[in-house]
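What follows is a set of notes on a single structure, which appears directly below.
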Amino acid sequence: MTRALRLSFVALLLAAGGAFAQDWPARRALTMVVPFAAGGPFDTIGRILASGLSETLGQQVIVENVGGAGGMTGASRVAKAAPDGYVFLLGGSATLAFIPTLYRKPLYDAVADFAPVALVADSARVLVTRKDLPPNTLAEFIAYAKANHVKMQYGSAGGGSGSHVCAILLDSVMGTRITHVPYRGSGPAMQDLMAGRLDYICEQISTALPLIQGSKVKAIVTLSLSRAPGLANLPTAHEQGLADFDCSAWAAFVYPKGTPEAIVRRLAKAASDTVDGASVRARLETVGVTIPAPERRSPEYLARYIPSEIEKWAGPIKASGVPAD
């Protein structure tokens, strides 16, 4: 949608006023764009939320996977969509906090091009390795990486993804330069890790947990400040000597800029009600996801949170020396 058409559409929505918002979401199914391939951590979280939202709203919520460019392709699809309340993004740290620093010319402005709706999930990351990699602790892993970094490889969900940026930061603090192998989503990367074609991934717990529990991969350390649900016995990097090392991920709903405020608030309430539901909460906790406190689920909170996260990550990303594309 061109800028002129977009402005005309917004003007039409404003003119329609409350009547349009009052009809929402009765007109058709909603589309939740997940900006990564099926089978990854965001896809897992997205499908749990879509199912719950469908029940809460009484209208179907369809998941559309649009992967590529570390999530930027899918996020751009939403930024350019008609602001009619029927297409929204499951965004997060990669798409809304990392990309503004990683790319010289990102496809969207993470603050100006979206209407914040609600923070819906917090998720730890875990350093997981192939089963036969010798290290079992963080100290052993760092020593092994320093001795073998020339021949090691790590995978990610794509350039600029959370798993990529986390691995970059880990590389930086270890003083190594390990080869990055980007994939189109976490699913295929984890498949290659299980097959022994990669050495490690800094993966979200929602994807890693079942594979850890099934002894398909080896968990080395939690890459968050707190121990993760489902992995209470796995120490954090902070506990094992990397002070304040934190690669936690988060997920949030955002609309295209210009979406009527009444619709934004109705989706925010529906999202909050959904994650408070016993069934959805239990399913999210099963994959290691923490539900944000109610006061962190408002559009106002998210409007403050996204710029603060961009600022928080800008320094570490620049300090790591990763080139912007």
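Worth a mention:
- The range 166-180 residues that are within 12 Å of ILE317 (Cα to Cα), paired with ones that are in a helix (DSSP H, G or I) and open to solvent by 20 Å² or more (accessible area, probe 1.4 Å) (beta carbon under 6 Å, 6 or more apart): ILE168/SER320; LEU169/PRO316; LEU169/SER320; SER172/SER320
- Pairs, first among the polar types (S, T, N, Q) in the range 296-320, second open to solvent by less than 30 Å² (accessible area, probe 1.4 Å), C-beta under 8 Å, six or more apart: SER298/ALA118; SER298/ALA268; SER320/ILE168; SER320/LEU169; SER320/ASP171
Residue by residue, here is whether (1) more than 24 Å from MET72 (Cα to Cα); (2) at pLDDT below 95 holds:
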site	(1), (2)
LEU231	yes, yes
ARG265	yes, no
ALA270	yes, no
ASP276	yes, no
LYS318	no, yes
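- Number of residues in the range 174-197 that are among the small types (Gly, Ala, Ser) and not in a loop (DSSP other than H, G, I, E, B) equals 3.
Residue-by-condition table, conditions (1) touching a Cys at 6+ places or on another chain (Cβ under 7 Å); (2) touching a residue at least 24 places away in the same chain (Cβ under 8 Å); (3) surrounded by fewer than 19 Cβ atoms within 10 Å (Cβ to Cβ):
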site	(1), (2), (3)
VAL254	no, yes, no
LYS269	no, no, yes
ASP273	no, yes, yes
ARG283	no, yes, yes
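- Residue within the range 126-140 that is in a helix (DSSP H, G or I) and touching a residue at least 60 places away in the same chain (Cβ under 8 Å) present: yes
- Taken over the range 177-197, the criterion of being of a type in the set (Gly, Ala, Ser) and under 19 Å from ASP132 (Cα atoms) is satisfied by ALA189, ALA195, GLY196.
The values are calculated or read from the model by the stated rules, or taken from the named source; none is laboratory data. This is a predicted model, so every value here is computed, not measured. We place every Cβ from the backbone using ideal geometry, glycine too, and count neighbours over all the protein chains shown. Just so you know, the surface numbers come from the protein's heavy atoms only, side chains and all, with ligands and any DNA or RNA stripped out. Shrake-Rupley method; radii C 1.70, N 1.55, O 1.52, S 1.80 Å.
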